[in-house]
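J.: Attaching a single structure in structure tokens format; questions to follow.
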Amino acid sequence: MTTPPVCDYEGSDYQASFWDKGGREYEDRTEAIALQRLLPKSGRLLLELGAGAGRNTPRYRGFDRIVLLDYSRTQLEQAQQRLGRSEKYIYIAADVYRLPFLAGLFDAATMIRVLHHMADAPKALGQVKDVLGSNGVFILEYANKLNLKAIVRYFLGRQKWSPFTPEPVEFVKLNFDFHPKAIRNWMEGLGFRIEQTLTLSHFRVGLLKRIIPTGILVFLDSLFQWTGAWWQLSPSVFVRARKMERDPRPEPGRRGVPLHGQDTVLTYFKCPDCGHSPLIEKTAHLECSSCGKMWAVRDGIYDFREPMK
Ligand SMILES: [Zn+2]
């Protein structure tokens, strides 16, 4: 099955080079504040799309169980080292355009710094909508093309693309910035209602980050975040959206039931190729009884990217 190209972080030291040693403490702390403001206080099952090395995962502590999904297996291995292997965390290597989950499964989903790499953003957002239950909460972060720096550069003639037009801009291969209006249109078209918008990283300027203590920048950003309700001119935007449509196939007793250790993860899955469920559990893989494809399970990571040979 062909899907849009995927930005693969396999083998990347992204966590260390970008976050741990890359001077991103300010961005990381402002994200923590936004998540605290937007996340439901508690919940049953959360899907973290593009979980990477699990940087944000501990911030979802109100949820009984968290499914970490990433296209890169090595990123998930780093997340496993950070969070450990337990009933609470499920690790899944999969393509966001072909999610291996039953419709309506999750109470909540997050996608942070991930849409940035989506060549077909509406398709990815549609997949998220499918796996959320009705009234499910979706927290989305996107990179905003309509940011002050881009606007100034455009007027100074130092940037060719216009920040004002609705189409995404691919400024580096598989790196996209989006117009807030385009995001709103896609989300509403899919049946999401946007409940809250926060703008982040207002002070993502090298000079400011060098001369002003991080704590002060974080505090100022935390105040400015609320202006996202009126305008969005910062490089990063968070929205909390709610899926309004009713589940096409509600599963009896799904919502509000606390998780137990014996809740089997197997019941979450469908075959990402043919959509069949349930899959059959074998020693080191899951098997689809409809199309015969086999999906590897190795060292606590379910791999739905390509079927086993
Ligand atoms: Zn199948």
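J.: Take the residues in the stretch 27-79 that are open to solvent by 30 Å² or more (accessible area, probe 1.4 Å) and of a type in the set (S, T, N, Q), then tell me which one is nearest to the chain's Cα centre (by Cα).
T.: My answer is Gln36.
J.: Given the condition in contact with a strand residue (DSSP E or B) (Cβ under 6 Å, 6 or more places away or on another chain) and in a loop (DSSP other than H, G, I, E, B), answer yes or no: does some residue in the stretch 25-46 qualify?
T.: The answer is yes, given that some residue of the stretch 25-46 is in contact with a strand residue (DSSP E or B) (Cβ under 6 Å, 6 or more places away or on another chain) and in a loop (DSSP other than H, G, I, E, B).
J.: Still on this model: Residues in the stretch 116-132 that are hydrophobic (A, V, I, L, M, F, W, C) and outside any helix (DSSP H, G or I): how many?
T.: Adding up the residues that qualify gives 3.
J.: Write out, first by first residue and then by second, each pair whose Cβ atoms fall under 8 Å of each other, whose residues are 6+ apart or on separate chains, and whose first residue, in the stretch 280-296, is open to solvent by 60 Å² or more (accessible area, probe 1.4 Å) while the second is near the ligand (Cβ under 9 Å from one of its atoms) and among the polar types (S, T, N, Q).
T.: Within 8 Å, the pairs are Ile280/Ser289.
J.: When the stretch 4-26 is examined, which residues are found to be within 20 Å of Tyr60 (Cα to Cα), open to solvent by less than 30 Å² (accessible area, probe 1.4 Å) and either modelled with pLDDT of 85 or more or not hydrophobic (A, V, I, L, M, F, W, C) (or both)?
T.: Gln15, Tyr26, listed by residue number.
J.: Another question, then. Residues that are open to solvent by 20 Å² or more (accessible area, probe 1.4 Å) and either part of a strand (DSSP E or B) or not hydroxyl-bearing (Ser, Thr, Tyr) (or both): does the stretch 90-97 have at least one?
T.: no
J.: Select from the stretch 190-206 the residues that are within 11 Å of Thr227 (Cβ to Cβ) and open to solvent by 10 Å² or more (accessible area, probe 1.4 Å) and list them in ascending order.
T.: Thr197, His202
J.: A further question follows. Consider the stretch 265-309. How many of its residues are closer than 15 Å to Ala103 by Cβ, away from the ligand (no atom under 14 Å from the Cβ) and more than 21 Å from the chain's Cα centre (by Cα)?
T.: 1
J.: Could you tell me which of the residues Val237, Val172 is among the β-branched types (Val, Ile, Thr) and touching a residue at least 24 places away in the same chain (Cβ under 8 Å)?
T.: Criteria check complete, one pass: Val237.
J.: Do we find that Asn144 is in contact (Cβ under 8 Å) with a residue 24 or more places away in the chain and closer than 21 Å to Leu99 by Cα in this structure?
T.: In short, no.
The values are calculated or read from the model by the stated rules, or taken from the named source; none is laboratory data. Quantities reported herein were computed from a predicted structural model and do not represent experimental measurements. Glycine gets a Cβ as well: all are built from the backbone with ideal geometry, and neighbour counts include every protein chain shown. Side chains are part of the model used for accessible areas, which takes the heavy atoms of the whole protein and leaves out ligands, DNA and RNA. Shrake-Rupley method; radii C 1.70, N 1.55, O 1.52, S 1.80 Å.
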